[in-house]
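Reviewing the structure listed below.
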Amino acid sequence: ISCNPVAVNSNAATLTVNSSPAVTTQPASATTCEGSNAQFCVTASGAGLSYQWQVNTSGCTGGTWTDITAANSNCLTVTAVTSSMNNYGYRCIVSGTCTPSVTTDCASLTVNTAAAITTQPADVSGCTGGNASFSVTATGAGLTYNWQVSTDGGATWNNVSPAVATATLTLTNVTAAMNNNQYRCQVGGTCSAGLTN
C-alpha cells in the first residue's frame with residue numbers, strides 16, 4: 001500500500017559551466033621613443049580570469065621568458081623605455097577557473113632613439129669658382145636634414161635655397177660675396193623636433 005500517492009520532488013539544483021580562458025584579441029607590437037611609455041593589452045574570455053605578463057630580452061624567438069613583477073592586469077605599461085629594450089618581446093599568460101591557461105602571441109617593442117649629432121661640420125677654405133662641402137654626422141631614428149646659411153655672423157639664419165635635405169651640403173661655383181658665410185644643419189628625427197649643430 002502506498003503512503004504517498006504523489007511523488008516527492010527535491011529542490012532544483014543548477015549546473016554552472018565555466019568557460020576555459022580564451023584569447024580574443026592578441027597584444028599588438030608597439031613602437032615608441034626612448035624615455036616614453038609603451039603599452040600592450042590582451043582581451044580574453046572565460047571565468048575567473050587572471051593575467052601574468054612576461055618579458056623576453058632576446059625578442060620573440062629564443063631566449064628565456066621571465067615573469068614581470070606586479071604585471072597582473074590585461075594591459076601592461078612599460079614606462080620610460082630605454083634604447084637597450086629595443087626588440088624586447090612581451091606576452092601574457094591568461095589563467096582562469098578552468099584549465100588550461102593560454103599564452104598570447106609575442107608582441108615586440110621597437111624603441112626609436114632621439115637624433116644626436118656626433119660629428120659637427122668643419123670650416124672649409126676654397127677658391128672663387130670652386131666647390132665647398134660641409135657635412136654632419138648624426139644618429140637616431142628617421143633622421144631629417146635642413147641646411148641653413150647666415151650672412152651676418154650668425155645673427156640670423158635662412159634656409160639654403162634650393163633646400164638641401166641630406167647630411168652633406170655642397171656649394172658649387174663659390175663667389176667672393178660668400179666669404180665668411182656660416183652654414184649649419186638642423187637635424188630632426190622620429191623622436192626629435194630638430195637639433196641645430
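The values are calculated or read from the model by the stated rules, or taken from the named source; none is laboratory data. From a predicted model like this one, the values you see are computed outputs, not experimental measurements. Please note: Cβ atoms are built from the backbone with ideal geometry, for glycine as well, and neighbour counts cover all protein chains shown. With ligands, DNA and RNA removed, areas are computed over all heavy atoms of the protein, side chains included. Shrake-Rupley method; radii C 1.70, N 1.55, O 1.52, S 1.80 Å.
Details
- Long-range neighbours under 7 Å by Cβ, at least six apart or interchain, first residue of a type in the set (D, E, K, R) within the range 81-99, second in a strand (DSSP E or B) and surrounded by fewer than 17 Cβ atoms within 10 Å (Cβ to Cβ): 91/103
- Of the numbered criteria (1) open to solvent by 30 Å² or more (accessible area, probe 1.4 Å); (2) under 29 Å from the mean Cα position of the chain (by Cα); (3) under 19 Å from residue 120 (Cα atoms), the one residue 185 fails is (1).
- If you check 103, 82, 137 for being modelled with pLDDT of 95 or more, farther than 23 Å from residue 52 by Cα and either of a type in the set (S, T, N, Q) or surrounded by 16 or more Cβ atoms within 10 Å (Cβ to Cβ) (or both), only one passes: 137.
- Test: residue 80 is out of contact with any strand residue (DSSP E or B) (no Cβ under 8 Å at 6 or more places or on another chain) and either among the basic types (Lys, Arg) or at positive phi (or both): yes
- The residue that is surrounded by the fewest Cβ atoms within 10 Å (Cβ to Cβ), among those in the range 115-134 that are in contact (Cβ under 8 Å) with a residue 60 or more places away in the chain and assigned to a loop (DSSP other than H, G, I, E, B), is 120.
- Residue that is farthest from residue 85 (Cα to Cα), among those in the range 49-62 that are in contact with a Ser or Thr (Cβ under 8 Å, 6 or more places away or on another chain) and either modelled with pLDDT under 95 or in a strand (DSSP E or B) (or both): 50
- Residues located in the range 4-53, provided they are closer than 30 Å to residue 140 by Cβ, open to solvent by 60 Å² or more (accessible area, probe 1.4 Å), without any contact (Cβ under 8 Å) to a residue 60 or more places away in the chain and among the hydrophobic types (A, V, I, L, M, F, W, C): none
- Complete set of residues in the range 63-79 that are surrounded by 13 or more Cβ atoms within 10 Å (Cβ to Cβ) and either in a strand (DSSP E or B) or touching a residue at least 40 places away in the same chain (Cβ under 8 Å) (or both): 75, 76, 78
- Across the range 154-161, not a single residue is classified as of a type in the set (A, V, I, L, M, F, W, C) and either under 23 Å from residue 35 (Cβ atoms) or outside any loop (DSSP other than H, G, I, E, B) (or both).
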